[in-house]
Amino acid sequence: MRVCEIFLSIQGESSFVGLPCIFVRMTGCNLRCSYCDTTYAYTEGFYISEEELIEKIESYGVNLVEITGGEPLIQAKEVISLIDRLIKKRFKVLIETNGSVDIQGINPQAIIIMDIKTPGSGMHEKMHFTNLKHLKKDDEIKFIITDKKDYEWSKEIIFSFDLLNKNKILMSPAYGILRPQLLADWIIKDRLFIRLNLQIHKYIYGPEKRGV
Ligand code: SF4
């Protein structure tokens, strides 16, 4: 499989925020979001066998692993097999996916963190909304918000698919584009019971630093 980078850092997002976590960033992405902060993952990477990758993951001595990208599910066969092996080895596995690729086949013990791309990303028409019916209660849905229009659009999606009752919902202000305080104020004003999701690794290490 083709991997862009592997590193140990602090989980910056999701309800696992703040925990030490091993990140496996897969190479390649089928989308081109306007605010993408990992464009290097489109093409950079190296080939590694499942065996070698698991050995590397085990060497960190941390139990939480996130498979991310790019879009990891464009290498679905390899990623699904990797997740199965990690779960057998009792790792807690998170997988981040961009919402445009079929998520069926992922081990139900893994936690899926799925984006729903808003209009501000330029990619909202690529969403695969049938994925919503395959998510489990513990899975998380993330909206990245660039402006008030994205926020209102996301609210409509949340209510029309009854997501508040089905999954954990995260809303992130697009870093450097929308001030977190504005999004926080909108959420509070609407009494919207979702989680404000800041990419805390960017606040800790700065937005440009890779491998964190
Ligand atoms: S899905 Fe993620 S990696 Fe792909 S273009 Fe969008 S932000 Fe970048």
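Which residue pairs have Cβ atoms closer than 7 Å, lie 6 or more positions apart in sequence or on different chains, and pair a first residue in the stretch 28-39 that is at pLDDT below 95 with a second residue that is more than 7 Å from the ligand (Cβ to nearest atom) and in a loop (DSSP other than H, G, I, E, B)?
D37/Y175
Being more than 23 Å from I116 (Cβ to Cβ), touching a Ser or Thr at 6+ places or on another chain (Cβ under 8 Å) and within 12 Å of the ligand (Cβ to nearest atom), is that true of even one residue in the stretch 69-78?
no
Just to be sure I understand, how many residues within the stretch 170-194 are under 19 Å from N98 (Cβ atoms), of a type outside the set (A, V, I, L, M, F, W, C) and either surrounded by fewer than 16 Cβ atoms within 10 Å (Cβ to Cβ) or in contact with a His (Cβ under 9 Å, 6 or more places away or on another chain) (or both)?
1
Being more than 16 Å from the chain's Cα centre (by Cα), free of Cβ contacts under 8 Å to residues at least 40 places away in the same chain and surrounded by fewer than 18 Cβ atoms within 10 Å (Cβ to Cβ): is that true of D138 here?
no
Taking the condition under 14 Å from the mean Cα position of the chain (by Cα), farther than 27 Å from P119 by Cβ and of a type in the set (F, W, Y), does F7 pass?
no
Would it be correct to say that K117 is more than 15 Å from the chain's Cα centre (by Cα) and not hydroxyl-bearing (S, T, Y)?
no
Conditions tested, residue by residue: (1) touching a Pro at 6+ places or on another chain (Cβ under 7 Å); (2) of a type outside the set (A, V, I, L, M, F, W, C).
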site	(1), (2)
M26	yes, no
Y40	no, yes
E58	no, yes
G70	no, yes
L94	no, no
N98	no, yes
V101	no, no
I111	no, no
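When the stretch 18-52 is examined, which residues are found to be touching a strand residue (DSSP E or B) at 6+ places or on another chain (Cβ under 8 Å), part of a loop (DSSP other than H, G, I, E, B) and away from the ligand (no atom under 14 Å from the Cβ)?
Result: G18, L19, I48.
With respect to I111, is the statement that it is closer than 20 Å to E66 by Cα and among the aliphatic types (A, V, I, L, M) true?
Here the answer is yes, as I111 does meet what is asked.
Determine, yes or no, whether V65 is free of Cβ contacts under 8 Å to residues at least 60 places away in the same chain, within 24 Å of I144 (Cβ to Cβ) and buried (at least 16 other Cβ atoms within 10 Å of the Cβ).
Numbers: free of Cβ contacts under 8 Å to residues at least 60 places away in the same chain: yes; within 24 Å of I144 (Cβ to Cβ): yes; buried (at least 16 other Cβ atoms within 10 Å of the Cβ): yes.
The answer is yes for V65.
Answer yes or no as to whether S9 is modelled with pLDDT of 95 or more and either in a loop (DSSP other than H, G, I, E, B) or within 17 Å of N98 (Cβ to Cβ) (or both).
No; evaluated as a whole, the condition is false for this residue.
Could you run through the stretch 92-110 and say how many residues are surrounded by 20 or more Cβ atoms within 10 Å (Cβ to Cβ), more than 12 Å from the ligand (Cβ to nearest atom) and either touching a residue at least 40 places away in the same chain (Cβ under 8 Å) or of a type in the set (D, E, K, R) (or both)?
Residues that pass the stated criteria total 1.
Pairs under 6 Å by beta carbon, first residue farther than 28 Å from K137 by Cα and at pLDDT below 95 in the stretch 166-180, partner surrounded by fewer than 16 Cβ atoms within 10 Å (Cβ to Cβ) and not charged (D, E, K, R), six or more apart or different chains?
none
The values are calculated or read from the model by the stated rules, or taken from the named source; none is laboratory data. All figures in this text were calculated on a predicted structure; none of them were measured in a lab. All Cβ positions, glycine included, derive from the backbone under ideal geometry; neighbour counts span all protein chains shown.
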